[in-house]
Structure formats: structure tokens, C-alpha cells
Amino acid sequence: MPLSETGGWRRALPALAFVVAAALLLDGCGGGVDTGGTGAPAVSFAQGPISGFGSIVVGGVHYDEAGAELVDADGRLLDPSSLTLGTMTRIDAGPLVDSGSGLRAQAFRVQVLDTLVGPVEARNVAAGTLTVLGQLVQTTPGTAFDMAYSGGLSAIPSSAVVVVFGQLDPAGGQVVATRIAPRPAADPYSVRAAVTQIDRTAMRLSLGALRVDARLSGLPATLAVGDVARLKLRTTPAGGVWTAIEISGDDLRVPTRSNVELEGRVTQFASVTRFSVDGVPVDASAASFPAGSNGLVLGARVEVEGSSTAGTLTARTVKVESDNQSGHEDIELEGRISQLDAVARTFMLRGVTVLWDDNTVFAGGRASDLAPNRQLAVRGRLAADGSSVIATSIHVEL
């Protein structure tokens, strides 16, 4: 069963309330910058991995995706089942509304961005790495795995074709995976990575260990060594060289928005007040650093909140986060139990297997109150298998 469901209960503040709130707020602040897919102004933006459902959660903000346009990196429509734990997204949304239990917004457009689609070329379970299309993929305790790969890297067949969602880490020359899932019928393959060599005479380029023939696709005139590019590849190499059928520059600029939530890696670093996250310039000269700034270096994982103008993010807060934690501590799930095994202490919620134990804190009810179709709100972290969630707290709605 996939890690998300197309139906189910939605969180408080339905779509209409968000649109009304948007209209009221914008009436007082002079209107929005541009327009979302519903015709309402998009005034907030988020980029990062999904860490919860009920409405999708990115950067701690709940975005109600009901009615939102859902597309892939090429703008093609997707099914809601594409939204899963660890999936990288870009979200255009209305204003943030404080519901009393957290910030929420109505999403107008949700774009799903994969980093790699291709065959597994090498695997090192001890090091927690894969190689896909010549790119080193590093997993962490927070990497989510599809249920087909429950157990992590050891469950991935050596001949598998996978999709990797992740963040580019220029310091480590790798992709840090936020999610890995099977993609057996992929055609073409795709890669997003930094260009390391270009030979315009021979129409060849390299992205790390990936060698590419660009005679069919052509080379963008502005593409340079060090740029991040997106390539689509034929699925069979010739003599170790892959044929590109499409090459484009990577354009993940942040639109002008009053509220921006950005989770990613530091891709350029000048100082703790001037750096880039996933290619987005950040001005942190007036920002607060709740966890300090000592770990803010090239390749660091950060969460930045602020506003953006002309592609630059002016930070209000910058949080430096560690990869050496025991999985995401802030996974949030809301919905109705679809399956329950009281003996094994597990249930399914929004397509995710949830486990509880003696350390789980119950509110509003007890473990004995759990039953199929019971409404719950769960907070937890990824289990060691990478595909299920260990509940740290469960709120039961009786």
C-alpha cells in the first residue's frame, strides 16, 4: 500500500476558510504578487520534503492540497498517491493562518521534484550509500523508504531501477536522499546534478562519474561547469556513455513571496549571513539562529524561514539541522485508522504503518480506544525500517 491515500479526513480550516482568510489578509496588505491555480493570490511558498499528512506538511506548515494542481518537474499532472513521506516538493500557497495548533495554508500548486531515476549501479549497506547513474546517494536515519524497500538499503535489489528524492550536497559530492522508491517502468531515466566537464566540440559532458553524449539533445549555450542541470537519458548506455534526449538548466528560483519555508542544503557559502540553499541566495544578516550558527557550512542541512524578493530569500530564522538523528522527530499524521492489529500494536493511517509502544503518550483516549475508522492525530519518527512510523504521541478523538 502506498505511503499516502487519495481520500480521508482533512485537517481543520477547510479550503473555503483559507480562501476567505487570504482575501481578508490581502485586502489589508495591498494584494498578492501573482496568482495560484485557483485564481486566488499565492503569497507563500515552500520547498522541501513532505514530513506528514492530514494535509501535507512541509517545513512544519500544513498545506491543504485539496483542489491544488499536482504536477511533476515537467509540469505533467500527477495522481495524489505521488505525495509520500520524503517526497521533495515546491508549493505555491495562500497566506499562512495560525489555527492555534500550528500554521496552515491552502496550497494552489504542488510540484513533485525527483533527483534521480535510474538503475542501481552499486550499493554499500555498511556505508549507507547507493550509486545511481554515476551519482553517490547517501542515506541517513531520516531517509524514507517505500514499503517495498522496508528495511532500507538491504531490501533494494542490486538490479533495481529506483527513484531518489533528495538534496544536492556539493561539499560531499553526493545526493542526500529524503526518499527512495522503486520505479521499474521508468523511460527515460533522469538526473539532476552538477556539471563537472563539458566538451562542446565532441558534444560530451560529465556529471561526476556519469558520462553523457549530447549530440541528440544539444548543449544549452549558457551551461557551464559547476551548474546544476537536469537531463533525460535513454535507458541503455553505449560503451559506458549515456545518450541525453533532453538537457536543461536547473531553475529552482524562489518567487517573490511574503512567507517562504525552505528546507535544503547549503550549496554556496560566503559567511553565516550570506549563503545559498539549493541555489537560492539567502540574506541572513537580520536572522535569528535558534540552534546557533556553528554548523552552518557548505553542505549543511538547514531550514530557512523568511520572505523573498527577486529571487533572494531574506531570512527571519535559520535552523541548522543534523543528519545524525534517529529519523525525523516531527512526522505528523492525521486521519482515520484503516487497519488495526492490537496484538502487534500497529495500525495504518494515511497509508503509513504506525507502531506504538509503552513510551507512546496517549491523549483524549487510551490504546484500548483504538479501532478501525477512529480519528487520530499522531506525532512520531521514522522507524529503523525507514518505511513505518513509531508514534511518540497519539491524540484520540472519541
Per the charge dipole of the chain (beta-carbon charges, Lys/Arg positive, Asp/Glu negative, Cα centre), the residue among Ala244, Gly142, Thr392 reaching farthest to the positive end is Ala244
In a Gaussian network model of the chain with springs linking alpha carbons closer than 10 Å, the residue among Asp227, Asp92, Asp74 that fluctuates most is Asp74
In a Gaussian network model of the chain with springs linking alpha carbons closer than 10 Å, the residue among Gln135, Gln197, Gln106 that fluctuates most is Gln197
Magnitude of the Cβ-charge dipole (Lys and Arg +1, Asp and Glu -1) of the chain about the Cα centre, nearest 20 debye, reported as 520 debye
Net charge (Lys, Arg +1; Asp, Glu -1) of residues whose beta-carbon lies under 14 Å from that of Trp356, Trp356 excluded, is +1
Among beta bridges assigned by DSSP with both residues in the chain, the antiparallel ones amount in percent, to the nearest 5, to 80 percent
Note to self: C-alpha centroids of the range 229-266 and the range 172-204 sit apart, in Å, by 8 Å
If one builds a Gaussian network model of the chain from Cα atoms under 10 Å apart, the most fluctuating residue listed among Thr353, Thr267, Thr222 is Thr222
From DSSP H assignment alone, runs of 4+ in the chain each adding -39500 (n - 2.57), the sum over residues rounded to the nearest 500 puts [θ] at 222 nm at -1000 deg cm²/dmol
Residue span Ala344 to Asp330: 0.36 nm per residue of separation minus Cα-Cα distance leaves a gain in nm of 2.7 nm
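Given a Förster distance of 45 angstrom, what is the FRET efficiency for Ser101 paired with Thr201, based on the Cβ-Cβ distance and rounded to 0.05?
Efficiency, from the Cβ-Cβ distance: 0.15.
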If each K or R counts +1 and each D or E counts -1, the residues other than Leu252 whose Cβ falls under 15 Å of its Cβ total -3
Tilt, helix 15-29 to longest principal axis of the chain (alpha-carbon atoms), in degrees rounded to tens, equals 70 degrees
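Taking 0.36 nm per intervening residue step and subtracting the Cα-Cα distance, what contour gain separates Ala171 from Thr273 on full extension? Show your work: numbers first, answer last.
Working: separation 102, 0.36 × 102 = 36.72 nm, distance 1.86 nm.
In short, 34.9 nm is gained.
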Filtering chymotrypsin sites (Phe, Trp or Tyr not before Pro) in the range 189-289 by DSSP loop and by at most 11 other Cβ atoms within 10 Å leaves none
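With Cβ to Cβ distances under 13 Å as the rule, what net charge do the other residues near Gly152 carry (K, R +1; D, E -1)? Spell out each step's value before the answer.
On the way: positive: Arg123, Arg179; negative: Asp146, Asp385.
Surrounding charge for Gly152 is 0.
Report the extension gain between Arg234 and Ser322 in nm, rounded to one decimal, defined as 0.36 nm multiplied by the number of residues separating them, less their alpha carbon distance.
On the way: separation 88, 0.36 × 88 = 31.68 nm, distance 3.66 nm.
The span from Arg234 to Ser322 would gain 28.0 nm if fully extended.
Bear in mind these aren't lab numbers, they're just calculated from the coordinates by the rules spelled out. The structure presented is a predicted model; accordingly, all values stated were derived computationally and were not measured. Quick reminder, even Gly has a Cβ in these numbers, built from the backbone with ideal geometry, and neighbours come from all protein chains shown.
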